[in-house]
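Worksheet for the structure shown next.
The values are calculated or read from the model by the stated rules, or taken from the named source; none is laboratory data. Just so we're clear, the structure is a prediction, and the values are computed from it rather than from any experiment. Counting neighbours? That spans all protein chains shown, and the Cβs are built from the backbone with ideal geometry, glycine included. The accessibility values were calculated without ligands, DNA or RNA, using every heavy atom of the protein model including side chains. Shrake-Rupley method; radii C 1.70, N 1.55, O 1.52, S 1.80 Å.
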Amino acid sequence: MAEFRPLEKDPLKWPRIEKPQRRTSRRIGIHTSIAGGVENAAERAYRLGCNTFQIFSSSPRQWQPYSLGRSQCEVMSGLRQKYDLKPLVIHCNYLINLAGANPPFLKKSIAAFRGELERALALCADYLVLHPGSFRGASREEGLKRTASSIAEASQGLDLGKAGLTILIENTAGAEYSLGGTFEQVAELLELLCKTLPVGACIDTCHTHVAGYDIVSEEGRQLTLRHLSGTVGFKNVRVWHCNDAKAERGSRLDRHEHIGRGKLGLEAFRALLNDHRLKHAAFIAETPIDDPGDDLRNVDALKGLVKRSRTGRSCPILK
């Protein structure tokens, strides 16, 4: 597959893959398009060589609710089982702000998040990733509490635990009014919610870097990981968003770059992918697709960084 040079951006237009892609001991995937139907994302993920993937369950920048057909969910589940694609991660609509101080907008956000939860349950997703929101018009502490109460309100009557769905709070780039720019803020939200809902964290490498944490130098990365362990806790980090960064550390500019071509470099990703403390997590890229095959190259770049066994073969897939 390394010699394949796609001419089309959409993997569904590539030649049919007859042999399974090389797999690794880590769950590695990429955010995958749902164009033509949400179920098509599973086929795209397989053609990209993924063993996990992330999707939007509807348009990420529109309020219009999206209804899933039963057949779509059945096809998605069948393809996931056939191709061993797990976990399935869904990313929430970017418009949702569960920390909003404006009552009408907050009500709209809670309803939209409820829709995200219902679609995630219908698709038998494992994780639903949420940005904690903007606290503009209130204090940061008020914003964190409002996000927690909004999540709880939207989840009323839904048995997420029984369905195996966990809400993941994603750390952010630390823009002026955004929540989640520090590990402490992510940890506080988990503490507010963990007694009533299944929750965990999604850590984005680009966001971590531009928020001011050092994950590039060996010493800085160890300090950052110890900080993460002491606040959020490694066991709670279920997904890593693997994105290189175009901007400098501490810039707070959320600009994703291809793996190894930005300010983080390959060694940062190699260290994270091979850290035994993180082996339970899924590693999912959200890198740009500037040219056909960029998604494939980024997945291959991550897979190529995973250490192989002494036999020279990729380690067996973790079940």
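Is any helix in the chain, taking whole DSSP H runs, at least 27 angstrom long along its axis by alpha carbon and on average at least -1.0 on the Kyte-Doolittle scale, and which ones?
Long hydrophobic helices here: 103-122.
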*Gain in length, Glu141 to Arg70, computed as 0.36 nm per residue apart minus the alpha-carbon separation, to one decimal in nm?*
21.5 nm
*So, in nm, how far is label Glu118 from label His276 when the simple model puts each one 7 Å beyond its Cα toward the Cβ?*
4.7 nm
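How much of the pair distance distribution for the range 85-163 lies past 21 Å, counting alpha-carbon pairs only, in percent? Walk me through the numbers before you get to the answer.
Numbers: 836 of 3081 pairs.
Counting pairs separated by more than 21 Å, the tail of P(r) holds 27 percent.
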_Please enumerate, by chain and number, the lysines with C-alpha under 19 Å from the C-alpha of Lys162, excluding those fewer than 8 residues away in the same chain._
Lys86, Lys195
*How far apart, in nm, are the 7 Å Cα→Cβ label points at Thr196 and Ser229?*
3.3 nm
*When N counts the residues of the range 195-319, how does its alpha-carbon radius of gyration compare numerically with 2.2 N^0.38 Å, as a ratio?*
1.07
*Signed unit charges on C-beta, dipole axis of the chain, positive-most listed residue Leu190, Ile30, His258*: Ile30
*For Glu39, what is the net charge nearby, where nearby means another residue's Cβ is under 13 Å from its Cβ and Lys, Arg count +1, Asp, Glu -1?*
+3
_Assuming 0.36 nm per residue, please report the length gained on full extension of the stretch Phe105 to Ser77 beyond their Cα-Cα distance._
6.7 nm
*Quick one: which residues, 5 or more positions from Val239 or on another chain, have an amide H under 5 Å from its amide H? H modelled 1.01 Å from N in the peptide plane, none for Pro or chain starts.*
Ala201, Ile203, Ala282
*Amide N of the range 270-304 lying under 17 Å from the label point, which is placed 7 angstrom from the Cα of Asp84 along Cα→Cβ*: 280-283, 303-304
_Amide H within-cut-off set for Asp244, under 5 Å, with H built and near neighbours excluded_ = Glu257, Ile259, Gly260
_Rounded if a/c under 1.5, otherwise prolate or oblate - the range 207-246, Cα gyration tensor axes_ = oblate
_Nearest 500 deg cm²/dmol is fine: what mean residue ellipticity at 222 nm does the chain get from its DSSP H runs of n ≥ 4 alone, each adding -39,500 (n - 2.57), divided by its residue count?_
-11000 deg cm²/dmol
*In percent, how large is the relative contact order of the range 5-53, given Cα pairs closer than 8 Å and 6 or more residues apart?*
43 percent
_Those trypsin sites (Lys or Arg not before Pro) in the range 217-260 that DSSP places in a loop and that have at most 15 other beta carbons within 10 Å_ = none
*For the pair Arg308 and Glu18, what calculated FRET efficiency results from E = 1/(1 + (r/R0)^6), where r is the Cβ-Cβ distance and R0 = 22 Å, to the nearest 0.05?*
0.40
_Within the accessible area of the range 1-103 (1.4 Å probe), percent carbon and sulfur_ = 51 percent
_Ranking request for peptides 135-147, 34-46: highest mean number of other beta-carbon atoms within 10 Å first, then the rest in descending order._
34-46, 135-147
*For the range 25-167, calculate the relative contact order in percent as a whole number, restricting contacts to Cα pairs under 8 Å that are 6 or more residues apart.*
22 percent
*asked:* At a threshold of 8 angstrom on Cα-Cα distance, excluding pairs fewer than six apart, so keeping six or more, what relative contact order does the chain reach in percent?
replied: 18 percent
*What whole-number value in cubic angstrom gives the convex hull volume per residue for the C-alpha atoms of the range 1-150?*
136 Å³
